[in-house]
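Colleague: So that we are looking at the same thing, I have put the structure below in structure tokens.
The values are calculated or read from the model by the stated rules, or taken from the named source; none is laboratory data. This one's a predicted model, so the numbers in the text were calculated from it and none came from an experiment. Here the Cβ positions follow ideal geometry from the backbone for every residue, glycine too, while neighbour counts run over all protein chains shown. Ligands, DNA and RNA are stripped out before the accessible areas are found, and what is left, the full protein with its side chains, is counted by its heavy atoms. Shrake-Rupley method; radii C 1.70, N 1.55, O 1.52, S 1.80 Å.
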Amino acid sequence: MTRLPRQLSLLRNATLPSGEVVDVRIAGDVVEAVLPAGTAPAAPGIETLDLAGHVLLTAPAEPHAHLDKALSWDAIRPPMGDLELAIASWRVYAATMTVDDIADRARRQLLAMLAQGTTAVRTHVDVLLGDRPTRGAEALVRVRDELRGLIDVEIVALASQDSPDSDIEAVLDLGVDLVGGAPHLSRDPHGDLHRLLDLAERRGVGVDLHTDESLDGAVTLDEYARRVADWTTTVSAGHCTRLGSMPAERRDDIVAAVLAADMGVIANPITNLYLQGWGHPVSTPRGLTALRPLLDAGVRLAAGADNVRDPFNPLGRSDALETAMLLVTAGHLTIDEAYAAVSDSARSVMGLPVAGVAAGARAELLAVRAGSLADVVADASADRFVVHAGRLVAESRVTRSIADPAESLAESSSTATPASPRPTLAETR
């Protein structure tokens with residue numbers, strides 16, 4: 001492997017989801033041209049990457065992460081399948097965390113996501129309770145600055161009902177980008193909703209709220225949408241699982257309000273499929289928002305991995321293809337819709353520039369060894385090239401060896417004539 005990062009000027013022989021095979025010229029951090037394969041002229045000094053056998057896609061963007069919580073499951077070992085107990089166990093553990101501890105886990109998680117192809121991440125960070133409530137934000141701002149140039153990171157201040165405004169302001173003063181929270185969990189959901197929105201207006205920043213993350217609890221999404229209908233800053237709502245469980249008529253009214261506000265909705269399938277429905281042993285409901293009604297209405301829909309190996313989800317592979325697969329199998333989206341939700345649509349909801357394989361787009365690209373987009377999502381091959389801002393920032397190659405079936409059959413037969421040695425079947429990519 002070559003030393004990374006490496007500036008690229010030309011990608012050759014890449015297969016697009018349409019099946020077309022192309023060359024892609026890159027100028028700095030922008031795609032300059034997309035040409036039929038073999039027609040882009042080579043020249044001395046041009047940094048070229050041959051992508052024969054790979055599908056080239058817009059790189060994933062993660063719209064909803066919790067880097068301060070990531071990879072803490074083994075240290076906490078909380079009760080499984082209960083949101084309130086997960087919150088309680090996290091708060092106990094959070095009181096013991098240092099800035100260095102949070103930064104170390106966040107860095108590992110970001111690099112794992114980058115290796116899989118994600119080149120932009122929006123992460124929530126708790127406004128911690130007790131002394132020094134800014135510890136989590138200090139850690140994530142540090143890691144964001146360390147990895148600048150490899151991966152883009154946005155940070156959201158995740159405030160609880162117990163977080164005073166002064167603590168939220170202190171976190172924002174560190175360079176955190178957005179106001180967040182979970183008003184539906186508050187003693188006064190609507191009061192806390194407006195408190196957070198008032199604060200965001202004072203600061204002139206966008207908002208990304210955890211919204212109505214339950215099957216039968218409070219509903220705040222409609223009021224949230226009405227309040228921000230004329231805002232020009234970024235506004236989005238994460239989870240919204242209550243929207244998927246309410247009667248269709250009310251659901252459709254709220255979806256219309258969300259569309260009118262141009263609010264992005266962020267589904268988080270792995271965490272909500274894990275957390276929701278434990279109290280329903282028969283006909284267990286799916287912990288998903290109303291994916292199809294939102295898409296059909298024209299709402300900008302993104303999807304994220306959310307929690308990775310923490311009290312809110314013990315699993316997760318740090319791979320946007322896992323999220324896309326769940327949107328297909330549990331959410332009944334098409335493969336194209338599912339991949340868009342973790343790439344182009346996620347970037348739109350995050351307020352990022354248009355990226356992908358198109359002239360003028362930002363060169364945020366993922367190449368996966370596969371023959372089609374269906375192969376990409378189904379197999380999730382680890383053979384990948386990751387391009388951020390026109391530079392190759394990660395590459396992975398797989399070597400696989402498989403026993404020769406003829407040799408195995410010969411050895412299992414006691415009457416077989418000893419065969420001459422045969423090489424092991426091997427596949428190196």
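Colleague: Based on the Cβ-Cβ distance of GLU201 and ALA37, what FRET efficiency does E = 1/(1 + (r/R0)^6) give at R0 = 51 Å, to the nearest 0.05?
Modeller: 0.50
Colleague: I've got another one for you. Give me a comma-separated list of calculated 3J(HN,Hα) values for segment 355-362, in order, Karplus coefficients 6.51, -1.76, 1.60 applied at θ = phi - 60°, integers in Hz, x for any Gly or Pro.
Modeller: Result, ordered by residue: 9, x, 8, 7, 4, x, 7, 5 Hz.
Colleague: Here's a follow-up. Say the dipole of segment 44-117 comes from +1 at the beta carbon of Lys and Arg and -1 at that of Asp and Glu; which of GLY45, LEU83, ALA103 then lies farthest toward its positive end?
Modeller: Going by the charge dipole, the pick is LEU83.
Colleague: If you don't mind, another one. To the nearest 10 Å², what's ASP131's accessible area with a 1.4 Å probe?
Modeller: Probe radius 1.4 Å; accessible area of ASP131 about 140 Å².
Colleague: In terms of solvent-accessible area of protein heavy atoms at a 1.4 angstrom probe, what is the ranking of TYR274, TYR224, highest value first?
Modeller: These residues rank, largest area first, as TYR274, TYR224.
Colleague: Output ³J(HN,Hα) for segment 283-294: one whole-Hz value per residue in order, computed from phi by the Karplus curve 6.51 cos²θ - 1.76 cosθ + 1.60 with θ = phi - 60°, and x for Gly and Pro.
Modeller: 6, 4, x, 8, x, 9, 6, 7, 4, 5, x, 5
Colleague: Now, a different point. Once you charge only the Cβ atoms, +1 for Lys and Arg and -1 for Asp and Glu, what is the size of the charge dipole of the chain about its Cα centre, to the nearest 20 debye?
Modeller: My answer is approximately 840 debye.
Colleague: Enter the accessible area per residue of the chain (Å², integer; probe 1.4 Å; all protein chains in place).
Modeller: In whole numbers, the chain has 42 Å² accessible per residue.
Colleague: Another question, then. With a 1.4 Å probe and all protein chains kept in place, how do LEU140, LEU174, LEU35 rank by accessible area, largest first?
Modeller: LEU174, LEU35, LEU140
Colleague: Additional query: Under a point-charge model restricted to the Cβ atoms of Lys and Arg (+1) and Asp and Glu (-1), what is the dipole moment magnitude of segment 1-66 relative to its Cα centre, in debye to the nearest 20?
Modeller: So the magnitude is around 160 debye.
Colleague: For segment 92-149, what is one quarter of the convex hull surface built on the Cα atoms, given in nm²?
Modeller: 4.1 nm²
Colleague: With all protein chains present and a 1.4 Å probe, how do ARG3, ARG309 order by accessible area, largest first?
Modeller: I get ARG3, ARG309, largest accessible area first.
Colleague: So who's got an amide H within less than 5 Å of the one on LEU49, skipping anything under 5 residues away but keeping other chains? H placed 1.01 Å off N, in plane.
Modeller: For LEU49, the qualifying residues are LEU10, LEU11, ARG12.
Colleague: Let me ask something else. How big is segment 160-243 by the Kirkwood estimate over distinct Cα pairs, in Å?
Modeller: About 12.9 Å, per the Kirkwood formula over Cα pairs.
Colleague: Grab the other residues whose beta carbon is less than 13 angstrom from that of LEU35, score K and R as +1, D and E as -1, and report the net.
Modeller: Computed value for this residue: -1.
Colleague: Amide H of ALA65 versus every other amide H placed in the peptide plane: which residues, excluding those fewer than 5 positions away on the same chain, fall under 5 Å?
Modeller: ARG122, THR123, HIS124
Colleague: How charged is the neighbourhood of ILE87? Take every other residue with its Cβ under 13 Å from the Cβ of ILE87, and add Lys/Arg as +1 and Asp/Glu as -1.
Modeller: In short, -4.
Colleague: Same structure again: Going by amide H atoms built from the backbone, whose H comes under 5 Å of the H on ALA33, apart from near neighbours?
Modeller: Amide H neighbours of ALA33: ARG25.
Colleague: Let me ask you something else. For TRP231, tell me the accessible area in Å² from a 1.4 Å probe, rounded to the nearest 10.
Modeller: Its accessible surface works out to 40 Å², give or take rounding.
Colleague: Expressed as a whole percentage, what fraction of the accessible surface of segment 197-244 belongs to carbon and sulfur atoms when a 1.4 Å probe is rolled over the protein heavy atoms?
Modeller: 40 percent
Colleague: Put +1 on the Cβ of each Lys and Arg and -1 on the Cβ of each Asp and Glu in the chain; which of SER401, TYR224, VAL376 then has its Cα farthest toward the positive end of the dipole?
Modeller: SER401
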